[in-house]
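Engineer: Starting off with a structure, shown below.
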Amino acid sequence: MAKFELKLPKMGESVAEATITNWLKEVGDTIEADEAVLEIATDKVDSDVPSEVDGKLIEKLFEADDVVQVGQTIAIIEIESDGGGDDRQEDEPQEAMVKEVEETVSAAQKGVEAPAASSTQDFSESDRFYSPLVKNIAKQEGISLEELEQIEGSGKDGRVTKNDILGYIENRGEGSAKSQSQGQSIDTARLEPAVKNQPAPVSVNGEDEIIEMSRMGKMIAHHMVDSVQTSAHVQSFIEVDVTNIWNWRQKNKTVFEKREGEKLTFTPIFMEAVAKAIKDFPLINISVNGDKIIKRKNINLGMAAALPDGNLIVPVIKNADRLNLVGLAKEVNDLANRARMNKLKPDDIQGGTYTVTNVGTFGSVMGTPIINQPQVAILALGAIRKVPAVIETPEGDFIGIRHKMFLSHSYDHRVVNGALGGQFVQRVAQYLEQFDVDRTV
């Protein structure tokens, strides 16, 4: 019998790790090639990991809620040997994991000398669950069971994650002298902010219902708080007359759907205007890295889409400025449909450089959206409304019924000043109001 190492596959640009959410197979189960073995989650997208071979699952190296790195072995599958191959040793996957632990810890230390490794630790005495990865990092760094028990876990049910223990190691290096004298390591500098920012306790009576936040809900909450703490949010608002666009779409949407097999919504029209405005103001299409600005070459537009459970996800239209209106319509419809069916791939939500969210879908006239990090701006599209408006003509002014909407532009005031933020949204409005009503679809 030969042994095959099932590794976490590469899942798209900038995706380095995933969380195991559920094992679909147990040790001893027979597996067919391309059959799903486990389910994983990366940021906002859930997917499964299929087997590349036929065989039997004989070992799981991680449990649910563990974080696994791309390329890391997650399970061992026993396969029929053809007689020509050499069997793998049982401890090879563990050795590979230990090697990766050493590399990860080395990178995390950033030159801080670690304390000498202690004798082999036995963490089985603890009532707390620790993943194999966390145990191996602790062993490599000589972290005692007493120290491990004191690390505050951010995982499910307070489990210690890879990031928790690596963060502890970094702070441990700074306060090693104090830790050694006390026989334990308590990094007060790390704990104090948590105490200061701790929300006030919420009282609950017998009639209240307690609802556990979903995994995605927790991630979104974390990202939103992180964004507000990172960027200095400022908003600019502008009202746009989209009567010409409204009438043009009413005239062409049936023809477009019959010819292309796609619905013609307002979204691709708005995306086209945003892409044009970004080309005019490329310093909106940036990210901040410390005290440096990264100017993005590609214009990748994120479009917030609603999921069946009410959460939002942001799939990305890659190189949106290179697509015509038909191409944008197809991309918008494809991403929106797959978002609704939970069929987005990890790469579909990666690489965005600017985001557009349509708050008008829910009837909102305007909104103040939170920036999607590491971007520096986001545009909210308000509801299109029929309103009375003053219409200027050579013959004089008169009151008429027009279709209007508000554009709300949130931007990071650390790197985008009021002039740039205001001029950008004004240019988007100009492209929309100057829409060519004689264009063909």
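Engineer: How much length is gained if the chain between Ser214 and Ile401 is pulled fully straight, taking 0.36 nm per residue apart and subtracting their Cα-Cα distance, in nm to one decimal?
Structural biologist: Gain on extension, Ser214 to Ile401, equals 62.8 nm.
Engineer: What is the extension gain from Gln235 to Met1, computed as 0.36 nm multiplied by their sequence separation minus the C-alpha to C-alpha distance, in nm to one decimal?
Structural biologist: 77.8 nm
Engineer: Which value in nm describes the separation of the simple spin-label points at Ser154 and Val387, placed 7 Å from the Cα toward the beta carbon?
Structural biologist: With each label point 7 Å from Cα toward Cβ, the separation is 4.2 nm.
Engineer: Does the range 217-433 come out rounded, prolate or oblate by the C-alpha gyration tensor, with a ≥ b ≥ c the root eigenvalues, rounded set by a/c under 1.5 and, if not, prolate when a/b is larger than b/c and oblate if not?
Structural biologist: It comes out oblate by the Cα gyration axes.
Engineer: On to the next question. Taking neighbour Cβ counts within 10 Å as the exposure measure, how do Ile77, Ile391 sort from fewest upward?
Structural biologist: On the way: Ile77 22, Ile391 14.
Arranged by neighbour count, lowest to highest, Ile77, Ile391 become Ile391, Ile77.
Engineer: Hey, how many Å between the Cα centroid of the range 415-441 and the Cα centroid of the range 199-238?
Structural biologist: That distance is 32 Å.
Engineer: Then there is this: If you average the C-alpha positions of the range 289-344 and of the range 55-75 separately, how far apart do those two centres end up, in angstrom?
Structural biologist: When both Cα centres are located, 31 Å separates them.
Engineer: What does the charge count near Gly382 come to, summing +1 for each Lys or Arg and -1 for each Asp or Glu among other residues with Cβ under 14 Å from its Cβ? Intermediate results must be reported in sequence, preceding the final value.
Structural biologist: Details: positive: Arg385, Lys386, Lys404; negative: Glu239, Asp241.
So the surrounding residues net to +1.
Engineer: Got a sec? How would Lys297, Lys162 order by Cβ neighbour count within 10 Å, fewest to most?
Structural biologist: In order of increasing Cβ crowding within 10 Å: Lys297, Lys162.
Engineer: Tell me, what is the percent relative contact order of the range 217-433, built from C-alpha pairs under 8 Å that lie six or more residues apart?
Structural biologist: Dividing the mean separation by the residue count of the range 217-433 yields 29 percent.
Engineer: Go through 373-386, 407-420 and give me the packing order, highest mean Cβ count within 10 Å leading.
Structural biologist: 373-386, 407-420
Engineer: What order do you get for Met405, Met366 when you list them from fewest to most C-beta neighbours inside 10 Å?
Structural biologist: Met366, Met405
Read-outs throughout are calculated quantities, based only on the coordinates presented, and are distinct from any laboratory measurement. Source: prediction; values computed, not measured. Ideal geometry is used to build each Cβ from the backbone, glycine not excepted, and the neighbour counts take in all protein chains shown.
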